[in-house]
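All of the numbers you see were taken from the coordinates with simple rules; none came from a lab. Predicted model, so just to flag it, every value in this text is computed and none were measured. Note: ideal-geometry Cβ built from the backbone for every residue, glycine included; neighbour counts use all protein chains shown.
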Ligand code: MV4
């Protein structure tokens, strides 16, 4: 097992990793920018190193600084968390060259999944179901049109280097293809420095379902069921739950089994998440794979009883998986609300000082956060303030528990999206479990949704 882990991250995930390390008897090193000197992850770690000024590029993304910090503190492993360098194959390679364990899969896996065209082809060869589309990149509008005629409209153009929705264009009519192609390519160049595009059939009103896989370094792989992540706005997830109200036990088993088989073929070797689109007929299609621990991992932890970060660290140190698939049982229901420092109506970031702070608690409530009273939410980083996660024996009870916990949460001095979550938990389609990726759009366009949101804002202390 590792003796000392450096956490190349900040905020709640840095704390989450520090907690897992402490329970494993591993010493921890926090790194921080000058702006984060008072952050909780710095206080809770055994040691800390300042790695640069506030902008991420000069601190949390600064590879030479991070490796120097690991070297001077004699850390034998680096946990990248999520975001920042967590899916940077170059960073994973440099760690390997410096003989420091990168806690994650092999760099080759990160780089494969980072290119969506290569990932798509690897997924196909590994037996994952794909939407009809191009085998590789489409080089010009003419080629795109030939594919589109074969697939049928609507189609979607996606950036090969993309992910997270940038450089995506939906095309509903043949005459709109040429224009969409040049816009998507230009956007892709601007965002990723690579204008390569591919094309797929477009799925209307899909659900976003992802399968959690856990693989050791010795070829053993299990899955921990799914997370439903369809409540998103501009490709930012807001609410996640497990299990998904859309899956039957049969579909869950099928999605789990094909995911495991594919990971075996690819030789995957850490925790990972396979994202699928689920269409209205209950068919699922590979979308992308994430090679990191994800923000929403706690909902899986609560329904399976498995500490994913602890497992991830153990797997990276070469320990074999102890559990077999038949040992895994999903029980009860978990929901996560991402509490962001942002305006609840416009979603504009709202950094500033928290003047009063009180967190919910009680039976079945978990809060993963690095916020505290008098803490200042900084403008340089993402606006995630806390993950409020509830667990209950069934979904209706979990929704009631989430409403209760949201009602206990006091955050003064800044704006948060807690009122949005109160409105979402009361929305019929959410309560019925009958929602898709357009949920937020519909809530904000509906009379009852906006009325509930307004009331929730008024009732916020
Ligand atoms: C799609 C799609 C419909 N059809 N692909 C959005 C982010 C990127 N990872 C892929 N995305 C989508 N790909 C086809 N063929 C719809 C989306 C999409 C979406 C997917 C998951 C969750 C929220 C979404 C919101 C808008 C669009």
Positions within region 61-81 being in contact (Cβ under 8 Å) with a residue 60 or more places away in the chain and buried (at least 17 other Cβ atoms within 10 Å of the Cβ), in sequence order: 66, 69, 70, 73, 75, 76, 77, 78, 79, 80, 81
Residue match in region 311-324 (condition: in a loop (DSSP other than H, G, I, E, B), more than 18 Å from the chain's Cα centre (by Cα), over 26 Å from residue 87 (Cα atoms) and in contact (Cβ under 8 Å) with a residue 40 or more places away in the chain): yes
Top-ranked residue of region 406-420 - restricted to ones that are touching a strand residue (DSSP E or B) at 6+ places or on another chain (Cβ under 8 Å) and closer than 25 Å to residue 446 by Cα, ranked as surrounded by the fewest Cβ atoms within 10 Å (Cβ to Cβ): 415
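Quick check: anything in region 26-45 under 26 Å from residue 218 (Cβ atoms) and touching a helix residue (DSSP H, G or I) at 6+ places or on another chain (Cβ under 9 Å)?
Within region 26-45 (the criterion being under 26 Å from residue 218 (Cβ atoms) and touching a helix residue (DSSP H, G or I) at 6+ places or on another chain (Cβ under 9 Å)), the answer is yes, since at least one residue qualifies.
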For residue 93: the one exception among (1) in a loop (DSSP other than H, G, I, E, B); (2) surrounded by fewer than 19 Cβ atoms within 10 Å (Cβ to Cβ); (3) more than 13 Å from the ligand (Cβ to nearest atom); (4) within 25 Å of the chain's Cα centre (by Cα): (1)
Within region 161-216, strands (runs of 3 or more DSSP E) holding 2 or more residues that are near the ligand (Cβ under 9 Å from one of its atoms) and out of contact with any helix residue (DSSP H, G or I) (no Cβ under 9 Å at 6 or more places or on another chain): 207-215
Hey, residue 157 within 15 Å of the ligand (Cβ to nearest atom), assigned to a loop (DSSP other than H, G, I, E, B) and in contact with a strand residue (DSSP E or B) (Cβ under 7 Å, 6 or more places away or on another chain) or not: no
Residue that is surrounded by the most Cβ atoms within 10 Å (Cβ to Cβ), among those in region 133-154 that are under 29 Å from residue 110 (Cβ atoms) and within 13 Å of the ligand (Cβ to nearest atom): 134
Filter result for residue 130 (within 27 Å of residue 261 (Cβ to Cβ) and either within 13 Å of the ligand (Cβ to nearest atom) or crowded, with 19+ Cβ neighbours inside 10 Å (or both)): yes
Counted residues, region 377-397 - those being without any contact (Cβ under 8 Å) to a residue 40 or more places away in the chain and surrounded by fewer than 22 Cβ atoms within 10 Å (Cβ to Cβ): 2
